[in-house]
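What follows is a short report on a single structure.
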Amino acid sequence: MSETRRVRRRPPTVLLVLAAVAVLLFVLPLVGLLSRTPWSRLGELLTSDLVLDALWLSFISSLAAAFISTILGVPLAWVLSRVEFPGRSIVRAIVTLPMVLPPVVGGAALLFALGRRGLVGESLDAVGIVLPFSLAGVILANVFVALPFLIITVEGALRSTDVRFEQAAASLGASRLTVFRRVTLPMIRPSLIAGVVLAWARALGEFGATVTFAGNLQGRTQTLPLAVFLSLESDRDAAVAISLLLVAISLIVLVALRDRWWRS
Amino acid sequence: MTFGPLDARLIVHRDNGFVLDITLDIEPGTTVALLGPNGAGKSTTVDALGGLLPISDGRIALDGAVLDDPSQDVFAPPEAREIGIVFQDYLLFEHLSVRDNVSFGPVAAGNSNANAIAETWMQTLDIAAFANRSPTDLSGGQAQRVALARALASEPKLLLLDEPLAALDVETRTGLRRTLASHLGHFEGPRLLITHDPTDAFLLADEIAILEDGKVTQRGTPDELRRAPATSYAAALAGLNLLSGTTRGGVLELDDFAQSLSAADTQLDGAVLITIRPNAIALHAQQPHGSPRNTWSTTIRSVEPLGDITRVVLDLPLPLSVDVTPGAVSALSLAPGADVWASVKATEINLSPTGS
């Protein structure tokens, strides 16, 4: 049998060692989590009301946040990449601000703007819309932190596509909206999916803005990360179990999607 | 469907100081080639006609409709211009099938017969067999026909071919030029071919407008250009030797002259159009070594300086234009009536099949 001869070259030791340290940094906490997992009580812990409530809330709020981020983020990404207007770079900077801002600050800012005594919140309150300490508040806080991930991913893709395909579509008589729908969106499909998944993952793990803006009410605003934080005080085993659940969900989704869509 | 003329005066000032100032009038059913070197303003012309670049002054009217006129503050966006464009690299939508590419225009126009229109054009251009394929699975020739069908299915009033053959290698280009020539007649409106290749212009166009440094320096039929080139660039282009004949196994018999030639292309068989660039022919004082078939003795009919080059026209047996350097003129004592030897490499003889 003849096979292609493979020659393995040894990579530089320094790079290998540093890379290994990086991997360790990810793996060690996971091992810690696994070592503390109360395997025998796992089923019982994960089916408690606290966990089931939080799981349901996390499920609903992260998906809703990913959906809203897509609906709002894709148009904004398009405007940022295709329309020239004064102050574009400022808008771009503001959009990415939540990525570097401590989420607690974001939550506080949301409270000042949309809280019952807030800038806009007061008028909303007058017409009966109350965002803080509600499921809508959780979703809003999630969108606030997740939206930048979607915008950055999609805008990057839009900026790297060949606009001549859009020009070709326009020459065939397609309006800008039709071009966007039938040419631009299909061309950035892989990045769009990646952006949605990133936004969803960010929303699923959101803690700071949520707890500040929406509070930590079981069954109303208490998502999985909030439940972990609460349980660390009262029931460590429950905290470990929920953490493991979060790790498992995230890992499954990321691995499943990565091979199918994240080729770019 | 009836068509009207393109009636355009394009004046565009680019930020880098380049100025395009040309008049382009094209009657329906006529192919005009805008022929010029890189940097002459070909892309600016395409962008201005296509609506990607507003003109600074002038007027673009197509079939009576004004598309761009700064003095009247009229500017039609690209999607409203009804100009079908075949791009150099075709720009087919890879996420759509061939059929959906062709029906793209009619669908975008909200035409309820979109599929039927697409079907008709796919039949006409002989691409119906791969209607369900992705454009990524097509050969260069098939992709070109799909691009043409897509442009024509949008029922344009002007067909704009932007360097439709430039992305291809020499051999493919010859075949596709023939296909393109046979399909251009399917569109009855005005046709504009943008190219830097004189062979494209001379073989595909009814009229040639020569674009140099933002201006049309000459416009006329290929014959007129050949007889009386107005600039040295036009002369260099017009010197393109065009002959007709038949080929078999690489041996060329010419229709009008007794001399036979051997071409590198031994696959072709039958009637061909033969082009030889004037700088591909070499002149010698004595008989050179090499293939006796592509070497012959002749006399010089005329010698004409054209700036950097000198155009020498040979007498029978083969009246070809030859471009030489002024240095060669004195070294070989080239003058009307002088005897010389001419030679041309088989690889420099370009064949395109005519006949069906």
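If a residue must be among the hydroxyl-bearing types (Ser, Thr, Tyr) and either in a helix (DSSP H, G or I) or under 13 Å from B:Leu34 (Cβ atoms) (or both), how many such residues does region B:189-231 contain?
Going through region B:189-231 one residue at a time, the tally reaches 3.
Out of the residues in region B:101-116 that are open to solvent by less than 60 Å² (accessible area, probe 1.4 Å) and more than 8 Å from chain A (Cβ to nearest Cβ), state the one that is farthest from A:Val183 (Cα to Cα).
Taking the candidates together, the pick is B:Ala116.
Quick one: would you say B:Val98 is farther than 20 Å from A:Arg181 by Cα, within 28 Å of the chain's Cα centre (by Cα), modelled with pLDDT of 95 or more and in the same structural domain as B:Ala181 (by TED's automatic domain parsing)?
Here the answer is no, as B:Val98 does not meet what is asked.
Spot the failing condition for A:Ala22; the list is (1) of a type in the set (A, V, I, L, M); (2) within 25 Å of A:Ala227 (Cβ to Cβ); (3) open to solvent by less than 90 Å² (accessible area, probe 1.4 Å), and only one is missed.
Of the numbered conditions (1) of a type in the set (A, V, I, L, M); (2) within 25 Å of A:Ala227 (Cβ to Cβ); (3) open to solvent by less than 90 Å² (accessible area, probe 1.4 Å), the odd one out for A:Ala22 is (2).
Identify the residue in region B:134-188 that is under 18 Å from B:Leu204 (Cβ atoms) and β-branched (Val, Ile, Thr) and, among all such residues, is surrounded by the fewest Cβ atoms within 10 Å (Cβ to Cβ).
If we take residues in region B:134-188 being under 18 Å from B:Leu204 (Cβ atoms) and β-branched (Val, Ile, Thr), then B:Val170 is surrounded by the fewest Cβ atoms within 10 Å (Cβ to Cβ).
For region B:314-335, which residues satisfy the criterion of being closer than 16 Å to B:Ala285 by Cβ, part of a loop (DSSP other than H, G, I, E, B) and open to solvent by 20 Å² or more (accessible area, probe 1.4 Å)?
If the condition is that a residue be closer than 16 Å to B:Ala285 by Cβ, part of a loop (DSSP other than H, G, I, E, B) and open to solvent by 20 Å² or more (accessible area, probe 1.4 Å), then B:Thr325, B:Leu332, B:Ser333, B:Ala335 are the ones that fit.
Can you pull out every residue in region A:237-252 that is over 14 Å from A:Ser48 (Cα atoms) and either open to solvent by less than 50 Å² (accessible area, probe 1.4 Å) or touching a residue at least 12 places away in the same chain (Cβ under 8 Å) (or both)?
Residues satisfying the conditions are A:Ser243, A:Leu244, A:Leu246, A:Val247, A:Ala248, A:Ile249, A:Ser250.
Condition test on A:Ala93, is it assigned to a helix (DSSP H, G or I), of a type outside the set (Ser, Thr, Tyr) and surrounded by fewer than 13 Cβ atoms within 10 Å (Cβ to Cβ)?
yes
Residues being surrounded by fewer than 19 Cβ atoms within 10 Å (Cβ to Cβ) and either farther than 19 Å from A:Val105 by Cα or not assigned by TED's automatic domain parsing to the domain that holds A:Ile60 (or both): count how many of those fall in region A:202-224.
The number of residues fulfilling the criteria is 4.
The rows are residues; the columns are (1) within 14 Å of chain A (Cβ to nearest Cβ); (2) farther than 28 Å from B:Arg145 by Cα; (3) surrounded by 14 or more Cβ atoms within 10 Å (Cβ to Cβ); (4) touching a residue at least 24 places away in the same chain (Cβ under 8 Å).
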position: B:Leu49; (1), (2), (3), (4): yes, no, yes, yes
position: B:Pro54; (1), (2), (3), (4): no, yes, no, no
position: B:Leu67; (1), (2), (3), (4): yes, no, yes, no
position: B:Ser71; (1), (2), (3), (4): no, yes, no, no
position: B:Arg81; (1), (2), (3), (4): yes, no, yes, yes
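The values are calculated or read from the model by the stated rules, or taken from the named source; none is laboratory data. All values derive from a computational prediction rather than experimental measurement. Virtual Cβ from ideal backbone geometry, glycine too; neighbours counted across all protein chains shown. All accessible areas refer to the heavy atoms of the entire protein, side chains included, with ligands and DNA or RNA removed. Shrake-Rupley method; radii C 1.70, N 1.55, O 1.52, S 1.80 Å.
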